[in-house]
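Some notes on the structure that comes next.
Read the figures in this text as sums done on the coordinates, not as results from a lab. Source: prediction; values computed, not measured. Here the Cβ is made from the backbone with ideal geometry for all residues, glycine too, and neighbour counts use every protein chain on show.
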Amino acid sequence: MKTWTGYASAVLLAAATVIAPSTTVHAAATTTRVDIDVRAGLATVSDVAVGVNHAIWDSQLGTPAVSGLLNDAGVTMLRYPGGSYADIYHWEDHTAPGGYVAPDTDFDTFMAGAQATGAEPMIIANYGTGTAEEAAAWVRYANVTKDYDATYWTIGNENYGNGHYGSAWEADDHADKSPKEYAANVVAYANAMKAVDPSIKIGAVLTMPGNWPDGIVGPGDSGTWNQEVLTRAGSVIDFVDVHWYPGGSTPAEALTKPAQIQDAVQLLKSQISLYAGSRTIGISMTETNVDTGRNTQPGALFLADVYSGLLAQGVFTVHWWNVHNGLGTVSEIEGQADYGDYGLLSSGNCNADNTVCQPPMNTPFAPYHALSLVGDLARPGDRFVGAGSDNPLVSTHAVRRANGDLAVLLINKDPDDSQTVSLNYQGFTPAAGTPVVSTYGNGDDAVVTGPAGTSSAQQLPPYGIALVTLKAQPIAGTAPTAPAQPSVTATDRTATISWPASASGVKYEVYRQNGGTSELWGETTGTTLTVRNLEPGRRYTINVLARDGAGRLSRPSPPLTFTTGTPSASSCTVTFRDTNDWGNGYVGQIDILNSGTRATGSWTLTFGWPTGWQSLSSGWNATWTQEGRTVRVTSDASLAPGASTSVGFVGAYSGPNVLPSVFTLNGTICTTT
């Protein structure tokens, strides 16, 4: 988030809420099927997974009350000194020219609060108005003078917001505001800071796919912000840092946005691989929030879904904006007073004429309680596994504990109907007994924990969140060791998957992930499996497991994600380019070559949008139509052998823009370049 509200003075007023909740009558429960597959291994939870921002304008920074609340919620990382303030903040004299700095919010106070919370720091070095030398001195003070062992350091905040793309909110004193200049300074900062402490990890600011200015090539640039920064600074960074405010004008719309996470993260990983090479570079998400329902149940549902979804995809830390932020626009959402406050905890302040006041200082808002459920779900060292729901209004995430137990998070985005959730398991047998369930519902004051339901059925109230913890039925003996990271060589139709041997006397099973119900692709006693009849241009995620002679199944290997290509030779070749992008739309150019031996006569080119948030706006040089996700381009003109033609279109998107990669000409799949 860019700014703060409600901290004009160090003293904040506390008063009773003036908005009374309304009474809502809910419909009868509907039934939702949820599948959990422990054979589908996703990411392992890092020791800094659950984060939140802490800012120098927050008078409660580092206080025992706040540290206790954050510790109770399972927070393991705190970000400082706070959003765009980082690019005006000078740590040595604790000043932020042009901004407000609250008393007792200096770096040492922050570190004391982080230590009391039990959280690691994520520190933002001042890029906008600072220097590499200032940042290096901060590292020296933190890790040499004070021995804080602060590992994670990001260079700047939202530095693409410096005016280079037309919008300017981020301070930047550099004459050259391009990503090329930012990348050059990231290299200088990294070299200076690691010269003091080589063990630190340096992060560079990127844009989240699907969020502005993703896809835009600025004036004088060779590529997008992400392309330029990764190409020029990828060799010196250890992680990239992104923010995600996906918007949504209504709670219902905002709660659809987590469905974009998998595509967005995969696009970001692809950019890192393409532009930064084979180095292992992590991803941190250090700001996210919603535009509606920030303090009420929509914000809580969004937080639970987004944290879990990002962590499952391998993002090593996710941070809410913010601990405190202050009173915004007040409304009522599903019977609850919403203060338009980006904070997890109340600031206790009132509007100018004291007619509307927040609850007392540090009163937890609904997203705080969702954060505490995420903190209990995503414990360091545990591992996310496949989970899926047959109801788009019910999201689910699951984690396998090191001791074999299973934790399942259920999120009901329906404000009107409760859900009878049918739980089904693959690769896991729950022990007898009633599971422990922690629930948080609309308007609740706290999470309630106790035995409830059964391992096969749970009741989920409207707008409710539940964390179900299930003991595993013990197995006799010891299961085989999980195979290590597999690799793949793929064509358009086949994939040869290989992995290191994990044990003798076992067979290996390869599963393709499909939400909560994996598909067995094949089994072998060797360490290679070739799978055929795949779909061109399709993304697949697989795991390898080992099974011994007694039938005991290992934990899954790390996941492997790959995308099949198009035929290496075909009677048609398509070259596709995004020639001009403006952040929510672009001009696409398609060059079609008849690489066969016969003329086409009239022709039809067909392709599909990879996601549901992409659409055709207009097209030229042919007749364009769209039905569902399928786009058809037709022409009465003939293409002789060796002849080519070009067509173009304007496409729109409201999420990560996964470009189409498979094109058919008169029913034949073309080679795509």
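General observations
- Over the stretch 304-418, the Kirkwood radius and the radius of gyration, each from Cα atoms, give a ratio Rg/Rh of 1.05.
- Between the stretch 474-495 and the stretch 138-187, the Cα center-to-center distance that results, in Å: 41
- Separation between Cα centres of the stretch 294-353 and the stretch 540-580, rounded to whole Å: 37
- Taking a quarter of the surface of the Cα convex hull of the stretch 547-592 gives a mean projected area of 7.5 nm².
- Here the average projected area of the convex hull drawn through the C-alpha atoms of the stretch 428-563 stands at 11.0 nm².
- Formal net charge of residues neighbouring I155 (Cβ-Cβ distance under 11 Å; K, R +1; D, E -1): -2
- Rounded, prolate or oblate (a/c below 1.5 giving rounded, otherwise prolate when a/b exceeds b/c) for the stretch 199-353 by Cα gyration tensor: prolate
- Prolate/oblate/rounded call for the stretch 588-641, Cα gyration tensor, a/c under 1.5 rounded: prolate
- Selection from A337, P656, H54 lying farthest towards where the dipole of the chain points positive, charges on Cβ: P656
- Considered as an equivalent ellipsoid built on the Cα gyration tensor, the stretch 210-298 has semi-axes of 29, 15, 11 Å, the largest given first.
- Compactness of the stretch 553-673, expressed as Rg and Dmax over alpha-carbon positions, Å: 16.3, 58
- Farthest positive-ward along the chain dipole, Cα basis, beta-carbon charges - from G282, N543, S438: N543
- Take the Cα radius of gyration of the stretch 487-563 and divide it by 2.2 N^0.38 Å, N being the number of residues; the result is 1.07.
- Restraint check, K177/K269; K471/K507; K177/K201; K201/K507; K177/K413, Cα-Cα greater than 30 Å: K201/K507; K177/K413
- Ranked by how many other beta carbons lie within 10 Å on average, peptides 66-77, 304-315, 209-220 from highest: 304-315, 66-77, 209-220
- Distribution of pairwise C-alpha distances over the stretch 275-325, 5 Å bins, in %: 4, 18, 25, 21, 14, 7, 5, 4, 1
- Expressed to the nearest 5 percent, the antiparallel share of DSSP beta bridges inside the stretch 572-672 is 95 percent.
- Built amide H within the under 5 Å cut-off of V217, gap 5+: D581
- Only the Cβ atoms of Lys and Arg (+1) and of Asp and Glu (-1) were treated as charged; on that basis the dipole of the chain about its Cα centre amounts to roughly 2560 debye.
- Of G619, W603, Y586, farthest towards positive along the dipole that unit charges on Lys, Arg, Asp, Glu beta carbons give the stretch 572-672: W603
- Evaluated at q = 0.07, 0.16 Å⁻¹: base-10 log I(q)/I(0), Debye formula over Cα of the stretch 46-357: -0.26, -1.45
- Projected area, mean over directions - the chain, Cα convex hull, nm²: 31.5
- Here I283, I200, I465 are placed in order of increasing Cβ neighbour count within 10 Å, fewest first, which gives I200, I283, I465.
- Rg over Rh for the stretch 22-179 works out to 1.11, both radii taken from alpha-carbon positions and Rh defined as the Kirkwood radius.
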